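Below: the structure, in structure tokens.
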Amino acid sequence: MFDGVSNFSQSTDFTFLFTLIVSAFFLLLVTFLMIYFVFKYNKKRNPVAKNIHHNTALEITWTAIPLILVLIMFWLGWRDYLKQEAVPDNAYTIDVTAQMWLWKFKYPNGKETDTLYVPVNTDVALNLKSIDVNHAFYVPKFRLKKDVYPNQNRKMWFNSSELGSFDIACAEYCGLNHSYMYNKVVVMPKDEFFAWVNSEDKYPTLKQLAEQNLENSRN
């Protein structure tokens, strides 16, 4: 958590961690109180039942606190959702096509690959479409996922500050070989990326990727 690989990593991890801590706290609290009351108010200790009258202050408290916590969770999620939907106007745009069972990537100059290459520290927008069934473009390390539907154009964006290669998966069951619909997003130095994308080479050289992976492992 909090590795900051993409511009959404830290905020997404914080929202998840906050929700997890709150949920764990109330799970332990309710479990403790349940066990405590079982022993405190069992029939042996209280052979005669007593009427328990309401407590207005207590009822307001146990209503207000969960409501506030849920509203905080909603606000955190809504804030990140709005950021993810606000694609920068100057973002470098790549077309992504999903089909059973692979991803295709097309760059502004027409170059196509089956691995996604992007420049580091750059706003990158992805135009997502499916030519057959429902898919979901998911980059776990970037904390990003977007459903991809037939006959719909969807869009997502990110900015990665770390060099390296990261998994891309389809997170929507899309048929027999769904589990094989894996690929990579490779984050490259800007000068190397633009030199490659404007060349006739289909893929970056092995030397470039090896040097990039070595630098990433040292960090």
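The values are calculated or read from the model by the stated rules, or taken from the named source; none is laboratory data. Since the model is a prediction, treat every value here as computed from it, not as a measurement. When we count neighbours, we look across all protein chains shown, and the Cβ atoms used for this are built from the backbone with ideal geometry, even at glycine.
On the stretch given as the range 148-163, residues that are more than 14 Å from residue 123 (Cα to Cα) and part of a loop (DSSP other than H, G, I, E, B) total 5. Among the residues here, residue 138 does not qualify as aromatic (Phe, Trp, Tyr) and at pLDDT below 90. Among residues belonging to the range 122-140 that are in contact (Cβ under 8 Å) with a residue 40 or more places away in the chain and assigned to a strand (DSSP E or B), point out the one that is nearest to residue 6 (Cα to Cα). Of everything passing the filter in the range 122-140, 139 is nearest to residue 6 (Cα to Cα). In the set 148, 197, only one residue is under 21 Å from residue 110 (Cβ atoms), in contact with a Phe, Trp or Tyr (Cβ under 7 Å, 6 or more places away or on another chain), touching a residue at least 12 places away in the same chain (Cβ under 8 Å) and among the β-branched types (Val, Ile, Thr); that residue is 197.
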